[in-house]
Amino acid sequence: MNGEVTWPARKPDQAFVRLVPDVQFARFAGGKTLSMNLLLPAAERPAPLIIWIVGGAWVSCNSARNLPQLVRFAEQGYAVAAIEYRLAHEARFPAQIEDVKSALRFLRANADKYGIDGSRVGVWGHSAGGQLAALLGVTGGSPEFETADDLQQSTRVQAVVDFSGPIDIELDFQSEFHMPVMALMLGGTIRMKPELARSTNPTHYLDGREVPPFLIVHGDADTTVPLRQSRILHDALTQADIPSEFCLLEGTGHSTAEMLTRSDVLDKVGEFFDSHLKS
């Protein structure tokens, strides 16, 4: 039916979100580069930052894959950076956590350019990205895994969210199925490289240093990363008197298609970040 309707003027209900794609933050010999995708809210003051680290068993990294699910956080006033890192077949550990720290230092060094509040930063990752998020959380501001770029910038964060991260690879990832990836990442099997394997475990850095609060989320139907991996991290944080909340999702597997599409889960993440980055 034809017609004309006039809607009265009103203020916007949520922040306008701008996508800044493919922002390069690292370059390596041979031409390899790393970039990030930024979701930036239109805001009158610098926005707190959430760094998103995508999963992929350390052998794949599509930083744009979960941008649709992350837009809601930019609408709520957060700057969101979905970052890349070098993969196991490209560089051995600790290259991956070095890249995460490099991305954080880049963002703090360019905070004014992108309207970011570098004093309020949270990190969030899934699966391999969850392990890297946890590792950043426990080593932020410490000398481990720091490289040469923007070293005047701190890598300390104020909050960590870990979705289904593999924490102790010595415990659950030595099968024939896991061995090829572990060998790529470590330059040898876990048994051949025990010290390097141990250095991937965030719990080994809980030695009295300052560590931010954690939110840990894991599905009890996860057949990729055993549930006990998250329990190991939660128990170690608790024993070290570090705030840690562990959310167990009944009937939920490993995929972000199951976790990032649940409003209750995303609401919980939002509440956690709000309490530590906006209060």
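Suppose the filter is of a type outside the set (Ser, Thr, Tyr), open to solvent by less than 10 Å² (accessible area, probe 1.4 Å), without any contact (Cβ under 8 Å) to a residue 60 or more places away in the chain and more than 20 Å from Ser263 (Cα to Cα); does Ala95 pass it?
Numbers: of a type outside the set (Ser, Thr, Tyr): yes; open to solvent by less than 10 Å² (accessible area, probe 1.4 Å): yes; without any contact (Cβ under 8 Å) to a residue 60 or more places away in the chain: yes; more than 20 Å from Ser263 (Cα to Cα): yes.
When the stated conditions are applied, Ala95 passes them.
The set of residues from the range 98-129 being out of contact with any strand residue (DSSP E or B) (no Cβ under 8 Å at 6 or more places or on another chain), assigned to a helix (DSSP H, G or I) and open to solvent by 10 Å² or more (accessible area, probe 1.4 Å) comprises Glu98, Ala109, Asp112, Lys113.
I'd like the full set of residues that are of a type in the set (S, T, N, Q) and outside any loop (DSSP other than H, G, I, E, B), limited to the range 224-279. First the steps, then the outcome.
Of the range 224-279, the ones of a type in the set (S, T, N, Q) are 224, 229-230, 238-239, 244, 252, 255-256, 261, 263, 275, 279.
Scanning the range 224-279 gives Gln229, Ser230, Thr238, Gln239, Ser244, Thr256, Ser263, Ser275.
What's the total number of residues in the range 35-61 that are closer than 25 Å to Gly187 by Cα, out of contact with any Asp or Glu (no Cβ under 9 Å at 6 or more places or on another chain) and outside any strand (DSSP E or B)? Residues meeting the conditions: 6. When the residues of the range 191-213 are filtered to those that are in a loop (DSSP other than H, G, I, E, B) and more than 15 Å from Leu171 (Cα to Cα), the one that is most open to solvent (accessible area, probe 1.4 Å) is Glu210.
Listed here are the residues, each with its yes/no results for (1) aromatic (Phe, Trp, Tyr); (2) exposed (fewer than 15 other Cβ atoms within 10 Å of the Cβ); (3) over 15 Å from Gly165 (Cα atoms).
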site	(1), (2), (3)
Leu215	no, no, no
Val225	no, no, no
Arg228	no, yes, no
His234	no, no, no
Ala240	no, no, yes
Leu248	no, yes, no
Gly251	no, yes, yes
Thr256	no, no, no
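The values are calculated or read from the model by the stated rules, or taken from the named source; none is laboratory data. Values in this document were obtained by computation on a predicted structure and should not be read as measured data. For neighbour counting, all protein chains shown are included, and Cβ atoms are generated from backbone atoms with ideal geometry for every residue, glycine included. All accessible areas refer to the heavy atoms of the entire protein, side chains included, with ligands and DNA or RNA removed. Shrake-Rupley method; radii C 1.70, N 1.55, O 1.52, S 1.80 Å.
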